[in-house]
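The values are calculated or read from the model by the stated rules, or taken from the named source; none is laboratory data. Since this is a predicted model, take the numbers as computed values, not measurements. FYI the Cβ positions are ideal-geometry reconstructions off the backbone, even for glycines, and counts take in every protein chain you see. For accessibility, only protein heavy atoms count, side chains too; no ligands or nucleic acids. Shrake-Rupley method; radii C 1.70, N 1.55, O 1.52, S 1.80 Å.
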Amino acid sequence: GFSSRTTNNLEMLIEAANLVVVSTEPLAEKMRSLNHNVAIAPNTLSEFTWLRPIEPCSDLPVSLFKKKSDRFKILYLNNSDRAKELEMIRPVFEELEREGHPVELFVIGGELKEEPSWYQHISIPAQRQNYSQFVDWFRGIASYCDLAIAPLVDTDINRYKSGLHFLQYSVV
């Protein structure tokens with residue numbers, strides 16, 4: 001979360017703005033308490049960045065995908081603050097494993113305190129921190145997967161989120 005000083009500064013900025021543009025109706029409702037001039041512009045993806053042909057990447061962790069090539073591969077694009085989402089889905093993947101289903105979860109990004117036993121963690125290479133470089137790399141990884149998930153714990157902040165991950169996953 002933000003510090004109270006940061007929150008106050010953000011609120012002052014929102015109140016002083018001529019127009020506040022947000023991506024979802026729930027977020028617009030929240031912003032209208034600070035500024036009456038709020039517009040909604042749903043998230044979209046840049047065609048140039050997301051819809052061009054996938055470039056071959058030499059830094060894809062393809063060895064991870066080839067270890068158990070017979071498994072159903074599921075992708076999750078994590079953020080550093082998504083520990084609760086991982087814990088929410090963990091029982092599902094542990095149950096699938098106990099029942100003998102050939103499923104493997106690949107998690108891109110996020111904080112890693114120790115190597116997990118129930119999923120494969122994929123670190124984002126330093127040279128892929130730039131957004132357009134990341135997209136090429138991410139799309140290359142996603143091409144090895146069968147399904148992508150975007151679990152969200154029911155929190156105040158998550159209620160305002162858009163379907164951006166859905167858009168990103170659906171163009172791969």
* Structure fact -> Within region 148-166, residues open to solvent by less than 50 Å² (accessible area, probe 1.4 Å), over 19 Å from Glu29 (Cα atoms) and not in a loop (DSSP other than H, G, I, E, B) come out as Ala148, Ile149, His165
* Is region 79-99 home to any residue that is assigned to a loop (DSSP other than H, G, I, E, B), of a type in the set (S, T, N, Q), touching a residue at least 12 places away in the same chain (Cβ under 8 Å) and out of contact with any Cys (no Cβ under 8 Å at 6 or more places or on another chain)? -> yes
* Before we move on, is Val103 farther than 22 Å from Ser46 by Cα, among the β-branched types (Val, Ile, Thr) and either surrounded by 12 or more Cβ atoms within 10 Å (Cβ to Cβ) or at pLDDT 90 or above (or both)? -> yes
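Can you go through Gly163, Gly109 and tell me which one is farther than 21 Å from Pro42 by Cα, at pLDDT below 90 and under 13 Å from the mean Cα position of the chain (by Cα)? Before you say what the answer is, go through the steps one by one.
Numbers: Gly163 fails: farther than 21 Å from Pro42 by Cα.
Being farther than 21 Å from Pro42 by Cα, at pLDDT below 90 and under 13 Å from the mean Cα position of the chain (by Cα) holds for just one of Gly163, Gly109, which is Gly109.
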* Asked: Restricting the search to region 73-91, which residues are loosely packed, with under 14 Cβ neighbours inside 10 Å and within 17 Å of Ala148 (Cβ to Cβ)?
  -> Asn79
* Name the pairs whose Cβ atoms lie under 6 Å apart, with the first residue in region 16-38 and part of a helix (DSSP H, G or I), the second crowded, with 16+ Cβ neighbours inside 10 Å, and 6 or more positions between them or separate chains? -> Pro26/Tyr160; Leu27/Tyr160; Ala28/Val22; Ala28/Val38; Met31/Val20; Met31/Val22; Met31/Val38; Arg32/Val38
